[in-house]
1. What pairs come up if the first residue lies in the range 46-61 and is closer than 20 Å to residue 7 by Cβ and in contact (Cβ under 8 Å) with a residue 40 or more places away in the chain, the second is assigned to a helix (DSSP H, G or I) and open to solvent by 60 Å² or more (accessible area, probe 1.4 Å), and their beta carbons are under 6 Å apart, counting only those six or more places apart or on different chains?
2. If you check every pair at least six apart or on different chains, which have Cβ atoms under 9 Å apart with a residue in the range 95-107 that is under 16 Å from residue 26 (Cα atoms) and part of a helix (DSSP H, G or I) first and a residue that is open to solvent by 60 Å² or more (accessible area, probe 1.4 Å) and polar (S, T, N, Q) second?
3. Tell me yes or no: at least one residue of the range 61-72 is in a helix (DSSP H, G or I), at pLDDT below 80, among the aliphatic types (A, V, I, L, M) and loosely packed, with under 13 Cβ neighbours inside 10 Å.
4. Which of the following residues is in contact (Cβ under 8 Å) with a residue 40 or more places away in the chain, part of a helix (DSSP H, G or I) and over 26 Å from residue 99 (Cα atoms): 23, 15, 8?
5. Determine if the range 8-31 includes at least one residue that is of a type in the set (Phe, Trp, Tyr) and open to solvent by 70 Å² or more (accessible area, probe 1.4 Å).
6. What are the residues in the range 32-50 that are among the polar types (S, T, N, Q) and either within 21 Å of residue 92 (Cα to Cα) or open to solvent by less than 20 Å² (accessible area, probe 1.4 Å) (or both), if any?
Amino acid sequence: MGKKYDQANIAFNQALGKHIRMARQGAGMTQPELARKIDVTFQQIQKYESGVNNISAYKLNQLSRALGVSFAPFASTSDGLGPTHVVCDAHQFRLVAKLGRLDAHLVRLVETIVDKL
């Protein structure tokens, strides 16, 4: 593969790793706890979070389920090589994760309140 691909792959893994770390922290979970849930070592979670290792779609799906979040922002890219964006910081991510557990009526109510700010 070319140098552009390698750099994009590294950037993608690092951005995805940050997203995984924020989701894990937002869920109040430790690396060993998450590792047990998806049947890997905590060292593997460290490698995912630091962007050192690629993550398969299967493991990403397991992470999504274990953390109760979607990693959809990483599903499409502008050039096919890197992530589109990381949408929020850890505090905002926790809030979004909590919103995801609310029923649709309560989400619309919160949205109405936020729109009035």
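1. 51/14; 53/47
2. So the pair list comes out as 100/70.
3. Scanning the range 61-72 turns up at least one residue that is in a helix (DSSP H, G or I), at pLDDT below 80, among the aliphatic types (A, V, I, L, M) and loosely packed, with under 13 Cβ neighbours inside 10 Å.
4. Exactly one residue qualifies, and that residue is 8.
5. No.
6. 50
The values are calculated or read from the model by the stated rules, or taken from the named source; none is laboratory data. Treat the numbers as computed from the prediction; the structure is a model and nothing was measured. We place every Cβ from the backbone using ideal geometry, glycine too, and count neighbours over all the protein chains shown. Side chains are part of the model used for accessible areas, which takes the heavy atoms of the whole protein and leaves out ligands, DNA and RNA. Shrake-Rupley method; radii C 1.70, N 1.55, O 1.52, S 1.80 Å.
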